[in-house]
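Trainee: Provided herewith is a single structure, encoded as structure tokens, for subsequent inquiry.
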Amino acid sequence: MDRDVTWARERGLPMRFHCLIYNVADAVPPWWKEVKRTDEWWPLIEDRIRTTAARYGDVIHEYDV
């Protein structure tokens, strides 16, 4: 996301990001292979959302989750 944020900021574009969890090889978080059970997913997804919001919350104000 850093690359995308930099690109948009350099062009003065407002940002709205699509998915924080997405099933495409270069967008899937590296920890997905470690998940063994369905009940393990939610804490990981919630952490991903919190971490992303903390890092980009002052720059990106809208997400599809």
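Trainee: What number, rounded to the nearest 500 deg cm²/dmol, is the helix-based mean residue ellipticity at 222 nm of the chain, given -39500 (n - 2.57) per DSSP H run of at least four residues and division by all its residues?
Mentor: Working: 2 runs with 25 residues, N = 65.
Roughly -12000 deg cm²/dmol at 222 nm, from the helical runs in the chain.
Trainee: Residues with amide H under 5 Å of M15's amide H, sequence separation 5 or more or different chain, H placed in the peptide plane at 1.01 Å from N; which?
Mentor: So M15 has HN proximity to H61.
Trainee: Could you work out the relative contact order of the chain? I mean the mean sequence separation of Cα pairs under 8 Å and 6+ apart, divided by the number of residues, in percent.
Mentor: It rounds to 53 percent for the chain.
Trainee: Arrange the residues H61, H18 by how much accessible surface each exposes, largest first, with a 1.4 angstrom probe.
Mentor: Output order, biggest surface exposure first: H61, H18.
Trainee: What full-extension length gain, to one decimal in nm, is calculated for V35 and D2 as 0.36 nm per residue of separation minus the Cα-Cα distance?
Mentor: Extra length from V35 to D2 when fully extended: 9.3 nm.
The values are calculated or read from the model by the stated rules, or taken from the named source; none is laboratory data. Being a predicted model, the structure only gives us computed values, none of them experimental. Note: areas computed on protein heavy atoms with side chains; ligands, DNA, RNA excluded. Shrake-Rupley method; radii C 1.70, N 1.55, O 1.52, S 1.80 Å.
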